[in-house]
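See structure below.
Values in this text are rule-based calculations from the coordinates and carry no lab data. As the structure is a prediction and not an experimental result, all values here were calculated from the model. Cβ atoms come from the backbone with ideal geometry, glycine included; neighbour counts cover every protein chain shown.
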Ligand code: NI
């Protein structure tokens, strides 16, 4: 059975068939999903999904894209949402200098505030980092008690090593099935296995052979397959490994 540690079923791309799709998950080998929040509204929708589906858990947080819309009330609302029994993490939060949808100083401020909240709430964080590794690492040094996962990790082994030494988990999406994913393949084969997670980030990042289509957790098996190949283990072993790792991180 597979654990999809990062999905976005609150996305409007699932509006037409969300329930039909989610109902198929258990019979297709997907037994756990963490739905990540992107802003306050999406975090609330994530928690609503957890009420409807026993196998869905949620993360609540504000993505760097939406950092500009946060105010001090948002933080206290997030704090409330994190009290939900199925809220297992704060996320996704971080820095994105590729799109720069929010000013960088605002991204950094909101990232710091949410890291502090994760520590006081005793929950792990799900980190989104794009073209902002140096600033992300610098901010994390201010919060040594923060823990969690770098989602859709695509950095170098050098960056991975710094994070792994501090106890972070790294999560890999369908991108590892793409031909140009050599850097990620190197990280996967060198890192401690007990820190590897897999995810879809659906509706985005569909793995080969579904690349370019809307993604869902039904495609997570292609990513697990690739992981098994890279580690020289069976599909079942890769599924069991990433299930156990995900449960440990999210306290399930
Ligand atoms: Ni995401």
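Separation between the residue 120 and residue 44 pseudo-spin-labels, each 7 Å from Cα along Cα→Cβ, expressed in nm?
2.2 nm
Roughly how many whole Å is it from the C-alpha centroid of segment 1-65 to that of segment 127-154?
Their Cα centres are 23 Å away from one another.
Please compute the contact order of segment 1-92 in relative form: average sequence separation of alpha-carbon pairs under 8 Å and at least six residues apart, divided by the residue count, as a percent.
Here the relative contact order equals 28 percent.
When 106, 187 are ordered from fewest to most other Cβ atoms inside 10 Å of their Cβ, what list results?
Neighbour counts put them in this order, fewest first: 106, 187.
Which of the peptides 112-119, 225-232, 22-29 is most tightly packed, and how do the rest follow, going by the mean number of other Cβ atoms within 10 Å of each residue?
112-119, 225-232, 22-29
Plugging the Kirkwood radius over Cα pairs into Stokes-Einstein for the chain, at a temperature of 4 °C and a viscosity of 1.567 mPa s, what D comes out in µm²/s? Kindly include the intermediate steps, with their values, before the conclusion.
On the way: Rh = 17.9 Å.
Rounded, D is 72 µm²/s.
I'd like to compare 213-221, 46-54: which one has the highest average count of other Cβ atoms within 10 Å, and what's the full order after that?
Order by mean packing, descending: 213-221, 46-54.
How do 157, 168 line up, fewest other C-beta atoms within 10 Å first?
157, 168
Rank the residues 90, 78 as a footprinting-exposure proxy: fewest other Cβ atoms within 10 Å of their Cβ go first. Intermediate results must be reported in sequence, preceding the final value.
Details: 90 30, 78 24.
Ordered by Cβ neighbours within 10 Å, fewest first: 78, 90.
To check you understand DSSP bridge types, tell me what percent of the beta bridges within segment 47-169 (both residues inside) are antiparallel, rounded to 5.
Details: 0 of 13 bridges.
In segment 47-169, approximately 0 percent of DSSP beta bridges are antiparallel ones.
Listed highest first by mean packing, meaning other Cβ atoms within 10 Å per residue, what order do 138-147, 170-179, 34-43 come in? List each step's numbers first, then the result.
On the way: 138-147: 14.3, 170-179: 21.7, 34-43: 23.8.
Output ranking for 138-147, 170-179, 34-43: 34-43, 170-179, 138-147.
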